[in-house]
Amino acid sequence: MLTQAQEVTFRNRGVIRLPGVLPTEISDRTREEIVRLAEKVGCLAEGCWQREALAGDGHHKTATRYNKLVKRLRKVTGRNGFMTSSLHAAMDELVGGAALTSWSEKSELLFSRPASRGDITAPPVSSSATLRPPRGPFPWHVDVPRLATTGVIGVQMFTFLHTVESGGGGTAIVTGSHRLLNGVTVRLKEIKRELEREPFFRALYARDRGDVAGLFETTGRAGGVDLEVVELVGEPGDVYLMDLRVLHTRCSNTRPTPRMMITQRFVLESVRPQLKYRYFGLAAT
Ligand SMILES: O=C(O)CCC(=O)C(=O)O
């Protein structure tokens with residue numbers, strides 16, 4: 001299924017985009033179920049997402065409504081399988097035919113609330129006049145530690161439940177970062193400290209979530225590797241396959257509708273015993 005160029009890109013950059021490889025029916029069906037549920041709990045009314053209801057701003061009622069929605073949405077997306085045999089085949093090619101196993105049993109929903117108070121990055125793609133400055137650094141992370149092995153140890157799939165445009169909260173990744181810190185064991189909590197030895201990552205970790213201007217044109221070099229900050233944007237049917245070692249983060253959604261993506265992680269059976277599952281609780285904010 002994959003071309004040699006795609007395999008080379010995956011090795012060098014740690015990610016490939018496969019436009020339109022999934023039938024859109026599953027995304028469409030899932031999105032429709034989500035809309036129905038959101039209407040039921042009052043987060044969506046007459047086609048408009050209710051920012052107040054989604055704000056989860058500490059007010060008991062809104063927080064409860066939002067949490068209820070997310071809990072139900074996770075069930076919906078978990079029920080629907082997003083993987084196809086050709087996608088499995090593509091992943092197998094990327095790991096040289098080694099046996100892969102699904103890390104999380106089901107596909108997971110990545111849901112970000114629409115732009116509203118407190119969640120806004122600049123430049124806002126929102127008409128809201130009540131924007132508060134964003135808070136804190138981006139939660140850059142990887143989901144797996146570095147192991148003594150040097151090659152790929154797993155692949156993460158991302159797809160879209162609707163069109164995610166730039167600024168719409170698509171996952172941000174640092175291409176090339178999977179090629180750093182290999183061959184020695186580096187625990188998850190040590191990865192930041194190790195990467196911060198390089199000016200490129202120091203600047204990235206120090207950056208505030210509100211400072212998105214130019215973020216996705218950021219390029220650099222560390223340890224002889226070319227690096228670039230890339231935003232995963234696309235539409236239903238599009239898939240990104242990412243090396244599990246790539247540094248990535250949730251991004252603020254500056255648009256007036258929620259960001260809804262699907263992800264699923266796969267690891268080599270051979271390394272599974274060495275990996276302790278660590279879930280960051282970032283599937284919904
Ligand atoms: O886009 C997101 O919500 C972040 C995804 C993420 O951090 C992950 O899959 O580990």
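Some observations on this one:
- Cβ-Cβ contacts under 9 Å between residues 6 or more apart (or on different chains), taken from a first residue in region 149-169 that is under 30 Å from Gly183 (Cα atoms) to a second residue that is of a type in the set (Gly, Ala, Ser) and within 11 Å of the ligand (Cβ to nearest atom), are listed as Phe158/Gly170.
- Output for region 1-30, where each listed residue is touching a residue at least 24 places away in the same chain (Cβ under 8 Å), crowded, with 16+ Cβ neighbours inside 10 Å, within 20 Å of the chain's Cα centre (by Cα) and under 24 Å from Leu247 (Cα atoms): Phe10, Arg13, Gly14, Val15, Ile16, Arg17, Leu18
- Qualifying position, being open to solvent by less than 40 Å² (accessible area, probe 1.4 Å) and of a type in the set (A, V, I, L, M), among Ala148, Ala172: Ala172
- Within region 247-264, considering residues that are surrounded by fewer than 23 Cβ atoms within 10 Å (Cβ to Cβ) and among the basic types (Lys, Arg), the one farthest from the ligand (Cβ to nearest atom): Arg255
- Residue in region 243-252 that is more than 15 Å from Val142 (Cα to Cα) and either part of a strand (DSSP E or B) or at pLDDT below 95 (or both) present: yes
- Condition check for Arg221: in a strand (DSSP E or B), over 30 Å from Ala89 (Cβ atoms) and over 18 Å from the mean Cα position of the chain (by Cα): yes
- Residue within region 2-22 that is closer than 30 Å to Leu268 by Cα and either aromatic (Phe, Trp, Tyr) or modelled with pLDDT under 90 (or both) present: yes
- Breaking point among (1) of a type in the set (S, T, N, Q); (2) under 18 Å from the mean Cα position of the chain (by Cα); (3) at pLDDT 50 or above, for Thr101: (2)
- Flag for Arg255 being in contact with a His (Cβ under 8 Å, 6 or more places away or on another chain) and touching a residue at least 24 places away in the same chain (Cβ under 8 Å): no
- Matching residues, region 82-106, being assigned to a loop (DSSP other than H, G, I, E, B) and among the charged types (D, E, K, R): Glu105, Lys106
- Summed over region 187-197, the residues that are surrounded by fewer than 21 Cβ atoms within 10 Å (Cβ to Cβ) and either closer than 15 Å to Leu244 by Cα or at pLDDT below 95 (or both) give a count of 4.
- Looking across region 235-246, the residues that are surrounded by 22 or more Cβ atoms within 10 Å (Cβ to Cβ) and closer than 14 Å to Ala172 by Cβ come down to Tyr240, Met242.
- Candidate set: region 39-66, residues that are outside any loop (DSSP other than H, G, I, E, B) and modelled with pLDDT of 80 or more; chosen: the one most open to solvent (accessible area, probe 1.4 Å): Lys40
- When each of Phe216, Phe200 is tested for being away from the ligand (no atom under 16 Å from the Cβ), of a type in the set (Phe, Trp, Tyr) and either at pLDDT below 90 or open to solvent by 20 Å² or more (accessible area, probe 1.4 Å) (or both), the lone residue that passes is Phe200.
- For beta carbons closer than 6 Å, sequence separation of 6+ or different chains, a first residue in region 97-113 that is closer than 20 Å to Gln50 by Cβ and a second that is part of a strand (DSSP E or B) and not hydroxyl-bearing (Ser, Thr, Tyr), the qualifying pairs are Phe111/Met260; Phe111/Ala284; Ser112/Asn253; Ser112/Arg259.
- Of all residues in region 78-109, those being open to solvent by less than 20 Å² (accessible area, probe 1.4 Å) and either acidic (Asp, Glu) or within 13 Å of Phe158 (Cα to Cα) (or both) number 5.
The values are calculated or read from the model by the stated rules, or taken from the named source; none is laboratory data. Quick caveat: nothing in here was measured; it's all calculated off a predicted structure. With ideal geometry, Cβ positions are generated from the backbone for all residues, glycine too; neighbour counts draw on all protein chains shown. Protein only, heavy atoms only, side chains kept; ligands, DNA and RNA dropped before computing areas. Shrake-Rupley method; radii C 1.70, N 1.55, O 1.52, S 1.80 Å.
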